[in-house]
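**Student:** Mind having a look at this structure? Questions to follow.
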Amino acid sequence: EIDIIRDEIFYFPLIYWQISGTLPDLNEKVIKKIKHYFSSGGIILFDIVDFSKSYTNINSEKLEYIRRVFSVLGIDNLQKIPKDHTLTKSYYLLKNFPGRWDNRILLLDNDGLDQKDGVNSVIVGLNDWSAAWAKDQNNYYLYQVVPGGDRQRELSIRFGINLVMYALTGNYKSDQVHSKSILERLKKKEKLRELFMVALREK
């Protein structure tokens with residue numbers, strides 16, 4: 001657990017911050033510290049857990065309220081995630097990002113992308129991801145996921161993996177310069193797999 005006021009956060013590429021309807025009171029020094037973290041390439045996933053069950057859909061009034069909540073941190077350009085964003089393909093291919101709940105809302109802050117290699121520093125959702133991931137000491141999941149059950153939990157874990165990959169590699173997956181070499185590698189792997197299967201059959 002990180003204490004956002006006392007701890008040094010510069011070395012963390014990704015922070016998961018679970019909050020209720022409003023951000024805690026932060027003084028100017030802490031706000032400056034968080035802004036510096038963003039400008040240095042850090043990413044924070046804000047999970048607004050108190051809204052999760054009720055925000056199955058978003059309208060302009062709800063979106064405006066969420067924007068006001070984060071304006072204290074200078075986050076003024078929250079937009080819905082585009083369908084082709086790197087988070088949808090940094091490892092797994094995803095169309096939505098469920099957690100304990102499965103609303104389709106994921107917001108990104110698009111300010112200063114030119115200075116951050118196109119990587120979004122702020123990700124805001126409402127799905128209570130930590131509850132979907134949490135296990136007890138016997139390795140059993142602590143909470144049910146609604147409404148999708150085991151499949152929804154699997155997708156929530158995949159989102160977590162995509163999130164970590166995005167924090168560590170940025171927009172590499174969207175860099176079309178690498179597409180040709182990646183396809184060539186996939187072809188070579190497929191050819192090796194075919195040769196391996198032939199060798200097994202011959203034995």
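Bear in mind these aren't lab numbers, they're just calculated from the coordinates by the rules spelled out. As the structure is a prediction and not an experimental result, all values here were calculated from the model. Glycine also receives a Cβ, built like all others from the backbone with ideal geometry; neighbour counts cover every protein chain displayed.
**Student:** In degrees, nearest 10, range 0 to 90: what is the angle between the Cα axis of helix 149-169 and the longest Cα principal axis of the chain?
**Tutor:** Taking the Cα atoms of the chain, the angle to 149-169 is about 80 degrees.
**Student:** Using just the helices of the chain, give the 222 nm mean residue ellipticity in deg cm²/dmol: DSSP H runs with n ≥ 4 each add -39,500 (n - 2.57), and the total is spread over all residues, rounded to 500.
**Tutor:** Using -39500 (n - 2.57) per qualifying helix, the result is -11500 deg cm²/dmol.
**Student:** To the nearest 20 debye, what charge dipole does segment 75-160 have about its Cα centre, counting +1 at the Cβ of each Lys and Arg and -1 at the Cβ of each Asp and Glu?
**Tutor:** Using Cβ point charges on Lys, Arg, Asp and Glu, segment 75-160 gives about 380 debye.
**Student:** Using +1 on the beta carbon of Lys and Arg, -1 on that of Asp and Glu, and nothing else charged, what's the dipole of segment 10-51 about the Cα centre, debye to 20?
**Tutor:** Result for segment 10-51 is approximately 280 debye, rounded to the nearest 20.
**Student:** Shifting gears a bit: Would you calculate the convex hull of the Cα atoms in segment 112-168 and tell me its volume per residue in Å³?
**Tutor:** That works out to 98 Å³ per residue.
**Student:** Same structure, new question: Roughly speaking, what is the stretch gain from Leu93 to Ser20, that is 0.36 nm per residue apart minus the C-alpha to C-alpha distance, in nm to one decimal?
**Tutor:** 23.3 nm is the gain from fully extending Leu93 to Ser20.
**Student:** I need the per residue convex hull volume for the chain, using only the alpha carbons, in cubic angstrom as a whole number.
**Tutor:** 167 Å³
**Student:** If you place +1 on the Cβ of every Lys and Arg, -1 on the Cβ of every Asp and Glu, and leave all else neutral, what size is the dipole of the chain about its Cα centre, to the nearest 20 Debye?
**Tutor:** The dipole magnitude comes to about 1020 debye.
**Student:** Of all the C-alpha pairs in segment 1-100, what % are more than 25 Å from each other?
**Tutor:** Beyond 25 Å sits 26 percent of the P(r) for segment 1-100.
**Student:** Let me ask something else. Tilt of helix 60-70 relative to the longest C-alpha principal axis of the chain, in degrees (0 to 90, nearest 10)?
**Tutor:** 80 degrees
**Student:** Turning to a different aspect of this structure: With unit charges on the beta carbons (Lys and Arg positive, Asp and Glu negative) and the dipole taken about the Cα centre of the chain, which residue among Leu14, Asn120, Leu192 sits farthest to the positive side?
**Tutor:** Leu192
**Student:** So for each of 154-165, 60-71, 131-142 I average, over its residues, the number of other beta carbons within 10 Å; can you give me the resulting order with the highest mean first?
**Tutor:** 154-165, 60-71, 131-142
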